[in-house]
Amino acid sequence: MRMIVGLAMLLVIGLLLGASMLVYAAYVLAIAFWLCRYLAERWMENLKATRIMSATEVEIGQKVSIQINLQNRSKWPIPWLLVEDALPLSAFHRPPPALRRDGQSVRICWVPGRGSKLISYSLTPQRRGYFQIGPLIAESGDLLGLHRRVKSVTEPARLLVVPKVIPLDGYNIASRRPVGEVKVSYRVQEDPTLMSGIRQYQNGDPLRSIHWHATARTGQLQSKQYQPTCVAGATLVLDFHKRTNPRKHDPVRSDLACTAAASICHTLMLWQQQFGLISNGRDAADRVLQDRSLREFADRNDAQHAVAMAAESDRIRPIILPTGRGPEHFAEAIKILARLERTDGLHLPELLIETQSRLPRDATVLVVVQEVDEPAALAMGMLRRQGYSVAAIVNNYENEAFHAAVGRLLAQRIHVYHLFDEQSVPLICKEMILRF
């Protein structure tokens with residue numbers, strides 16, 4: 001607009017003063033201005049790009065190759081082109097980085113007429129997460145620098161990095177109360193409330209299993225036999241509220257919680273037991289770019305801001321995956337765990353109250369927490385008193401917050417397991433540090 005106003009003033013001055021050279025210069029500049037604008041528009045209109053990713057769902061450490069093919073459909077070459085495949089900056093700058101990039105996602109190049117240019121780089125995930133790759137932002141203009149055009153030329157892609165799955169050495173989380181006809185495929189432990197018969201005493205039988213009346217009647221030690229029925233499977237409740245998941249522990253502790261949850265679900269899947277997920281966390285899919293149209297921008301800063309993933313989400317609705325069995329159900333669970341993020345929505349007591357009707361009574365309620373305040377401990381204790389089998393995994397270091405959490409859970413007679421680091425995951429459901 002300023003250029004147009006300047007040319008108009010120059011032309012008016014030349015006509016008023018009768019200066020033919022000024023009029024001639026105004027005409028020449030006007031022709032050059034409109035020619036540069038026409039070329040810049042034509043170059044961007046004829047520029048097309050396609051992105052090819054080797055995979056969209058990967059494990060940690062698996063390299064993803066990305067190739068972008070730029071095509072110029074015009075017979076005129078594009079003398080200069082600045083292209084940038086928009087990537088989430090937080091995935092590279094926040095320690096520890098979630099992605100490692102090999103190669104350059106920002107290039108300056110030229111594209112011949114009716115030709116193409118290939119740009120390639122690779123990403124290696126270091127942590128779980130859900131990342132938006134792209135769109136590709138292209139900037140070009142005339143050689144005089146009078147016009148510049150910025151445009152997104154591809155739609156964004158998605159990269160899902162699933163959490164680690166670590167085999168467990170055992171699973172010792174089950175209720176000791178009778179639950180009718182619920183039977184387990186693998187005998188996790190005997191239910192002392194359901195006696196099925198009597199047999200002769202064998203070395204190693206605990207003293208509490210001796211049937212003293214039968215022993216007195218037969219004159220030989222007799223042991224009780226129990227039915228292998230118990231509460232099978234688990235509903236994992238992950239607390240991801242920002243107040244009880246301090247930023248100083250993120251993302252190490254949140255990733256560790258998802259790793260433990262994925263490992264437990266995997267073990268239950270192999271044992272053909274039911275498992276489900278409930279969380280007050282945020283789904284990262286709510287933050288991705290929803291507008292997939294190709295459009296122009298005022299400048300590159302405006303483009304980068306417009307196409308980036310949103311920093312926040314106003315989601316309050318809890319994430320619920322009903323209990324189920326099988327590989328398909330596990331695949332859905334691990335995708336949810338990959339996208340799970342901290343939130344400032346529902347607190348843990350509100351989450352338990354909101355989702356209590358969705359908690360099956362024939363599965364242990366396994367709560368994964370970092371810090372436990374009095375309302376959260378009371379909410380878990382209320383579930384236990386209402387007949388649910390409740391256990392807690394405290395995902396924290398052995399610090400003041402950990403001991404406070406254990407003390408509050410003990411007061412509510414909740415069984416406690418300790419998730420210290422990744423090396424403790426195989427034993428997390430086998431070694432109970434405190435029980436009743």
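We did not get these values from a lab; they are worked out from the coordinates using the rules stated. Just so you know, these numbers come straight off a predicted model, no measurement behind them. Please note: Cβ atoms are built from the backbone with ideal geometry, for glycine as well, and neighbour counts cover all protein chains shown.
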**Report entry** Contact order normalised by residue count of region 273-369, Cα under 8 Å, 6+ apart, percent
**Finding:** 45
**Report entry** Mean shadow area of region 276-410 over all directions, Cα convex hull, nm²
**Finding:** 11.3
**Report entry** Per-residue HN-Hα couplings for region 355-365 [Karplus 6.51, -1.76, 1.60; θ = phi - 60°; Hz; x = Gly/Pro]
**Finding:** 10, 4, 5, 9, 8, x, 7, 9, 9, 5, 8
Query raised in the report: Taking the Cα centre of each part, how many Å lie between region 255-284 and region 27-99?
Result: 38
Requested in this report: Please give the contour-minus-distance gain from Gln225 to Ser424: 0.36 nm per residue of separation, less the Cα-Cα distance, rounded to one decimal in nm.
Outcome: 68.3 nm
Query raised in the report: Based on the Cα gyration tensor of region 45-162, what are the three equivalent ellipsoid semi-axes, each the root of five times an eigenvalue, rounded to whole Å and given largest first?
Result: 30, 14, 11
Query raised in the report: Extent of region 47-114 along each principal axis, from alpha carbon coordinates, in Å, largest to smallest?
Result: 46, 23, 15
Query raised in the report: So how far apart, in nm, are the two label points at Arg217 and Glu374 if each is 7 Å from Cα heading toward Cβ?
Result: 5.3
Report summary line: Mean Cβ-within-10 Å packing, highest first, puts peptides 251-258, 154-161, 60-67 in the order 251-258, 154-161, 60-67
**Report entry** Of Lys117/Lys151; Lys63/Lys335; Lys151/Lys248; Lys63/Lys248; Lys117/Lys335, pairs whose Cα-Cα distance is over 27 Å
**Finding:** Lys151/Lys248; Lys63/Lys248; Lys117/Lys335
Report task. Fewest Cβ neighbours within 10 Å first, please rank Cys36, Cys265 accordingly. Result -> Cys36, Cys265
Query - Under 5 Å, built H, 5+ apart or other chain: amide partners of Gly281 - result: Phe240, Ile319
